[in-house]
Amino acid sequence: MAQKSTQARSEAAGASERVHGHSDFIVVSNRLPVDRIVAEDGDVGWRRSPGGLVTALAPVMATREGAWVGWHGAPDECLEPFHHANMDLIPVPLSSDEVELYYEGFANSTLWPLYHDVIAPPEFHRTWWDSYRKVNKRFAEAVATAAAKEATVWVQDYQLQLVPRYLRQMRPDLRIGFFNHIPFPPPEIFAQLPWRQAIINGLLGADLIGFQRPNDTANFLRSARRFLGASVKAKQVHVTDSGGTISHIARAEPFPISIDVGEIQELAARPDIIARSKQIREDLGNPKTVLLGVDRLDYTKGITHRLKAYGELLHDGVIKVEDAALIQVASPSRERVETYRLLREEVDGMVGRINGQFDTIQNTAVRYLHHSYPVEEMVALYLAADVMLVTALRDGMNLVAKEYVAARSRNTGALVLSEFTGAADQLRQALLVNPHDIDGLKATITRAINLPPVESSRRMRAMRRQILAHDVQRWSSEFLTTLQNKAVRDDG
Ligand code: G6P
């Protein structure tokens with residue numbers, strides 16, 4: 001690709017080269033899709049981060065002169081653009097203050113709880129908002145510099161909701177898409193945000209605004225109507241400039257995200273990973289049932305509800321510690337944010353109490369793993385688990401549920417799935433639960449443990465059909481095709 005860039009540069013007229021960059025397709029997200037690795041000899045390198053988004057977009061990047069704009073994860077460090085894994089990566093610097101005010105503050109202590117049913121109370125601080133605006137503008141500037149004339153730009157997620165508007169002001173020639181990975185709240189909750197108009201305006205800078213569920217799309221359009229008085233017709237918002245003239249049409253639509261099904265299936269068939277899954281069961285003492293939870297340690301995931309239900313089932317004698325083991329992977333997340341610290345203390349305490357009460361010398365009730373694992377180990381865990389527990393109180397999608405289904409090629413296993421996840425729209429044959437209803441959750445976990453093989457196979461087969469037909473590659477190409485066609489329609 002480096003060669004292609006040079007060629008494109010030399011073909012471009014010198015003057016316009018200075019005005020526009022050379023990237024035809026730019027993805028923008030808060031984090032770059034790479035992790036820094038330091039080798040034993042001190043050498044610093046990069047590794048592509050795991051995750052479906054980068055898998056889906058990397059091939060598009062390679063064929064379309066693509067670049068990815070994002071923060072590289074370390075504060076107070078300016079890095080030059082670099083090339084890795086066939087992608088041009090353009091780091092956006094953040095100072096320690098900005099990490100605190102923009103990332104931990106406005107993104108993760110205002111928007112995150114506000115957009116997740118106010119499970120934790122959102123905080124509203126003007127200094128956080130100022131920093132959010134400033135950082136969003138910096139991201140937009142980085143894109144405006146890198147983008148070729150009439151390039152396509154795809155902005156990702158709630159941390160960057162003002163980028164579409166800034167970008168349209170800087171570069172009206174660009175085609176701009178936005179995708180929100182988390183829920184969009186109903187206007188009754190969104191109303192709390194002192195800067196609600198600016199956020200809606202920011203998003204409306206895009207030509208196409210994607211959401212996980214139809215409900216999120218409807219919530220956004222209702223807010224656009226209510227707080228901006230926008231004219232909305234058939235999912236299209238007629239965006240006007242300050243003089244009242246229609247500047248463009250922004251379209252909002254659901255595009256439920258998925259996973260790299262091929263990768264998960266391939267790993268699930270690998271002999272060493274199958275052997276590892278057997279080893280995991282053996283290490284647990286070969287219990288009749290292995291239950292599994294896999295989450296970022298986040299209050300939206302309903303981990304405490306799950307543990308409460310599980311603890312009560314042990315207490316009631318419905319589950320015996322000799323017969324069942326629950327593995328709870330809780331990967332560390334946003335550890336400097338107070339609500340996350342408190343949650344960790346709560347989960348540590350609950351696991352300690354359950355294990356203190358029910359463990360025997362031989363058996364542990366809950367294996368609690370506060371780590372992140374590579375995808376190979378995750379797939380081994382999916383293969384080892386008879387019952388997968390996804391009990392989120394609110395979740396834009398929940399890709400863990402989809403990964404579990406993709407890994408279960410023998411059509412065995414049961415998925416307990418919260419009805420408050422985006423994934424519940426697609427995985428209708430899961431055992432759906434309301435995680436707030438602890439008795440209902442207990443009954444569903446019990447049912448999952450005892451699900452007759454014929455029924456679990458029927459359910460898993462149907463869910464696999466859905467997932468296999470809808471992978472993340474299809475998701476990204478549907479979004480980009482819609483963005484492309486929309487522009488054609490507007491021009492016509
Ligand atoms: C969610 C968000 C992502 C975010 C991820 C990890 O999935 O939708 O935008 O990157 O959580 O959170 P972090 O704060 O570590 O980036």
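Take the Cβ atoms of K134 and Q484, set R0 to 25 Å, and the FRET efficiency comes out at 0.20. Average 1/r across all pairs of distinct alpha carbons in region 237-344, invert it, and you get the Kirkwood radius: 18.7 Å. Ligands, DNA and RNA aside, Y340 has an accessible area near 10 Å² when probed at 1.4 Å. Look at the alpha carbon pairs under 8 Å that are at least 6 residues apart: their mean separation over the length of the chain gives a relative contact order of 13 percent. Measuring spread by the Cα atoms of the chain yields a radius of gyration and Dmax of 23.5, 77 Å.
Would you please give the FRET efficiency between R447 and D272, computed as 1/(1 + (r/R0)^6) with r the Cβ-Cβ distance and R0 = 22 Å, to the nearest 0.05?
Given R0 = 22 Å and the Cβ-Cβ separation, E is 0.10.
Of the accessible area of the chain, computed with a 1.4 Å probe over protein heavy atoms only, carbon and sulfur atoms account for 50 percent.
I'd like to compare 459-465, 142-148, 352-358: which one has the highest average count of other Cβ atoms within 10 Å, and what's the full order after that?
Highest to lowest by the protection proxy: 142-148, 459-465, 352-358.
Given the chain, what percent of its DSSP beta bridges are antiparallel, to the nearest 5? DSSP beta bridges in the chain are roughly 25 percent antiparallel. Rounded to the nearest 10 degrees, the inclination of helix 303-316 to the longest alpha-carbon principal axis of the chain is 10 degrees.
Where only DSSP H runs of four or more residues are counted, the chain gives -13500 deg cm²/dmol as its mean residue ellipticity at 222 nm, each run worth -39500 (n - 2.57). I need the calculated FRET efficiency for the pair T127 and Q197, taking r as the beta carbon distance and R₀ as 22 Å, to the nearest 0.05. Calculated value: 0.70. For region 261-470, the spread of Cα coordinates along the three principal axes comes to 41, 36, 32 Å, biggest extent given first.
Taking the longest Cα principal axis of the chain as reference, the axis of helix 2-11 is set at about 20 degrees. Extension gain, F82 to A469, is 135.8 nm, computed as 0.36 nm per intervening residue step minus the present C-alpha separation. A 1.4 Å probe run over the protein chains yields, for the chain, 42 Å² of accessible area per residue, whole-number rounding. On full extension, the segment bounded by T63 and H371 gains 107.3 nm, given 0.36 nm per residue less the C-alpha separation. Taking Lys and Arg as +1 and Asp and Glu as -1, the other residues whose beta-carbon sits under 10 Å from that of I259 total -3.
The values are calculated or read from the model by the stated rules, or taken from the named source; none is laboratory data. From a predicted model like this one, the values you see are computed outputs, not experimental measurements. Don't worry about glycine lacking a Cβ; one is built from the backbone with ideal geometry, like all the others, and counts go over all protein chains shown. The area values use the complete protein model at the heavy-atom level, side chains included, leaving out ligands, DNA and RNA. Shrake-Rupley method; radii C 1.70, N 1.55, O 1.52, S 1.80 Å.
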